[in-house]
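The values are calculated or read from the model by the stated rules, or taken from the named source; none is laboratory data. Note that the structure is predicted; figures quoted are calculated from it, not measured. Please note: Cβ atoms are built from the backbone with ideal geometry, for glycine as well, and neighbour counts cover all protein chains shown. We work out accessible area using only protein heavy atoms, side chains counted, and drop any ligands, DNA or RNA first. Shrake-Rupley method; radii C 1.70, N 1.55, O 1.52, S 1.80 Å.
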Amino acid sequence: MLKKWLHKMLPAKSGRQTVRKQIIPFREHRISAEMLSFAAEKVVSRLHEAGFQAYVVGGAVRDLLLGVEPKDFDVATDATPEQVRKIFRRSRIIGRRFQIVHVMVGPETIEVTTFRGGDKAVQNAQGRIMKDNTYGSIEEDAMRRDFTCNALYYDPIRQEILDFHHGVQDVAAGRLVMIGEPAARYQEDPVRILRAVRLSGKLGFDVEERTAAPIAEYAGRLKHEPVARLFDEILKLLFSGHARKCLQQINTLGLPDDIHPLLTALKSAAKSENRIISLALKNTDERLRADKSVSVGFVLAAVLWPQLNRYWQQYREAGYKPAAAINEAVNTLKDTIEQGWGVPQRFSATMREIWQLQPQFEHTRGARPHRLLAQARFRAAYDFLVLRGQTGDADQQLIQWWTDFQHADESVRTEMTAASRPEKNAASGDKPKRRRRRRKKSPSGENAAA
Ligand code: ATP
Ligand code: MG
């Protein structure tokens, strides 16, 4: 029904860049105030009560038009960050280059931004916006947003959408269109390139030709962006529920290879030796679409596994035992992961634990399997082993052993790990190594297995 109406809204386009407000009434867009989250509704009404303008803006309006459940709600207002801060007890101002207020209502956080405009934002010699904290009218604010589909303002009291750039039309046509002059907008903020990748991938939109054309030329500028900001944006792409589609868009839109190591790794997913990446993305997309939880550390561990695995192999070839070799490999990559790639410590810690537990699966005798099972990260590390198995990088028999072991009762487990059983062999293609007989250190059995 919405689609039918949306198609009616598709006259030939003209005057895209002119700012002429269109007011779209409820009977045409069908977005009712009840479709907003409790917090979004509350924040808008409180701002209204205090005498300010306030609209739900951006991705939420776009998603509601498309019949997709919004990920979060953003609010735009003419109140300054300080004024917003005073109205809501549970709120804080964040950001320097671009100040916004986080308003907490129950478990939700609403991002409240003040209309941007007035004097031009501060730019550097390359045209990049360094600071944008001058405030203006709603029309000016709409002009500063990135894509037409994101410059829609929904007023829940009147149940109207204010549309300054034919955004509703572009949503209906499934078209991603940059507001203003695309090349200049990418220069102002190169991250808009990654947003074009993510939004076109996630929404299944075509990137309009004018919007797509300058991307290949300006994508190199992403290299100068703060690595933490790039990481955040890549994370959004990975966890959009449409990671594989976004990956296609990276290639279609012509992003070069060397912007960020995570993007480079993602781009290599098509290569056969990096199949673990496409498998992980497929699982992630499926889980997210089924509303299941996903672990960031786990997915990152998979995306960067081919690189870690290469180091692991090198250290083993240099004579290290598997566990020592993986520790060396992890240490070699640790600083690069955290500082060079901007992976926050909480994620990199999970990645390291998952990786470091991999060689432990090779031991199926004595007390070691019991100890591994008791580890907090066992489940993630086991799932990772299964993922490796799907690419032929871990032994299927061994995986089956661990599947049986974790579901067995205590007596069966003891029987399975009895020292007289031959040990399974995990390593991919590694020949079973002949072990030197060790002298018994203790009668506990742990070191006794030969
Ligand atoms: P999502 O569904 O991922 O939340 P979104 O479009 O809402 O997508 P946000 O990061 O939540 O993305 O941003 C909210 C709004 O702020 C956008 O819809 C857009 O209008 C504006 N915006 C965000 N980033 C930029 C940018 N780099 N340049 C211009 N406008 C931006
Ligand atoms: Mg949003």
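Given the chain reduced to its alpha-carbon atoms as identical point scatterers, what log10 I(q)/I(0) does the Debye formula return at q = 0.12, 0.13 Å⁻¹? Ignoring solvent entirely, the Cα scatterers give -1.04, -1.15. Rolling a 1.4 Å probe across all protein chains gives Tyr135 an accessible area of roughly 80 Å². If you wrap the range 296-419 in the convex hull of its Cα atoms and look at it from every side, the mean projected area works out to 7.7 nm². For the chain, adding -39500 (n - 2.57) for each run of n ≥ 4 DSSP H residues and dividing by the number of residues yields -13000 deg cm²/dmol at 222 nm.
Taking 1.306 mPa s as the viscosity and 10 °C as the temperature, the Stokes-Einstein diffusion coefficient of the range 93-179 based on its alpha-carbon Kirkwood radius rounds to 109 µm²/s.
With each label modelled as a point 7 angstrom along the Cα→C-beta vector, the Ala290-Met35 pair spans 2.8 nm. Relative contact order for the range 15-180: 26 percent, from Cα pairs under 8 Å spaced at least 6 residues apart, divided by residue count.
Normalised radius of gyration (Cα atoms, divided by 2.2 N^0.38 Å) for the range 15-180: 1.00.
Per residue, the chain exposes 49 Å² of accessible surface when a 1.4 Å probe is rolled over the protein heavy atoms with every protein chain present. To the nearest ten degrees, helix 243-252 and the longest principal axis of the Cα atoms of the chain are 70 degrees apart. Solvent-accessible area of Asp291, all protein chains in place: 140 Å² (probe radius 1.4 Å, heavy atoms, ligands and nucleic acids excluded).
Taking a ≥ b ≥ c as the square roots of the eigenvalues of the Cα gyration tensor, an a/c ratio of 1.5 or more together with a/b larger than b/c marks the range 128-275 as prolate.
Could you tell me which residue out of Leu176, Ala212, Gly389 lies farthest along the dipole of the chain toward its positive end? Charges go on the beta carbon: Lys and Arg +1, Asp and Glu -1, centred on the Cα centre. Farthest along the dipole direction, towards plus: Gly389.
Here the mean projected area of the convex hull built on the C-alpha positions of the range 185-270 is 4.9 nm².
A simple charge model with +1 on the Cβ of Lys and Arg, -1 on the Cβ of Asp and Glu and nothing else charged puts the dipole of the chain at about 1660 debye relative to its Cα centre. Computed in the context of the full set of protein chains, the accessible area of the chain at 1.4 Å probe radius has 49% of its extent on carbon or sulfur. Stretched out straight at 0.36 nm per residue, the stretch from Gln356 to Lys236 would grow longer than its current Cα-Cα span by 40.6 nm.
Who wins for biggest fluctuation among Gly167, Gly319, Gly136 in a Gaussian network model of the chain, springs between alpha carbons below 10 Å? Answer for the Gaussian network model of the chain: Gly319.
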